Amino acid sequence: MTIDPQVAAVLKDPAALIPAIVQDASSNEVLMLAYMNAESLSLTLSTGKATFWSRSRNELWVKGATSGHFQEVHSVTLDCDADALLIKVTQTGVACHTGERTCFHNPLEFGN
């Protein structure tokens, strides 16, 4: 696969992983955190479907390919240090594999 020049500028090492924060484009709710490499970022930009790198399966992963809970990408923004991405999406179904709308559904308690 030929890597888009703008992707190559972000991920100089094609195997490097960059964290991708996924946010609902309408509500701004944070849905999940995943990782992208150069190939998954290129695919996301070319297809408009959120595509990530699965660290546990060591393979590309199109969000929703098995569950039907796709993420239609509206925008991809690089942070100020060029070491994280913010991806705004329209979420079909739930974002979390547990069945929750967001992966951030386990609040931690802190001291009084």
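Some points to look at:
- All of Glu39, Glu29, Glu100 fail the test of being acidic (Asp, Glu), buried (at least 16 other Cβ atoms within 10 Å of the Cβ) and out of contact with any helix residue (DSSP H, G or I) (no Cβ under 8 Å at 6 or more places or on another chain), apart from Glu39.
- Taking the stretch 42-66 as the range and being touching a helix residue (DSSP H, G or I) at 6+ places or on another chain (Cβ under 7 Å) and among the aromatic types (Phe, Trp, Tyr) as the test, the residues that pass are Phe52, Trp53.
- Residues within the stretch 72-112 that are more than 12 Å from Leu31 (Cβ to Cβ), of a type in the set (D, E, K, R) and outside any loop (DSSP other than H, G, I, E, B), tallied: 1
- Restricting attention to the stretch 63-97 and to residues that are within 17 Å of Ile21 (Cβ to Cβ) and polar (S, T, N, Q), the residue that is surrounded by the most Cβ atoms within 10 Å (Cβ to Cβ) turns out to be Gln71.
- Residue in the stretch 62-84 that is farthest from the chain's Cα centre (by Cα), counting only those that are within 20 Å of Ala38 (Cβ to Cβ) and free of Cβ contacts under 8 Å to residues at least 12 places away in the same chain: Asp81
- Annotation note: Cβ proximity below 9 Å between a residue of the stretch 31-45 that is more than 19 Å from His69 (Cα to Cα) and a residue that is hydroxyl-bearing (Ser, Thr, Tyr) and surrounded by fewer than 20 Cβ atoms within 10 Å (Cβ to Cβ) (sequence gap 6+ or interchain) occurs for Ser42/Thr2.
The numbers here are math on the coordinates, done by the rules we state, and not lab data. Small disclaimer: the values here were computed from a predicted structure and weren't measured. A quick note on method: Cβ atoms are made from the backbone with ideal geometry, for glycine too, and the neighbour counts reach across all protein chains shown.
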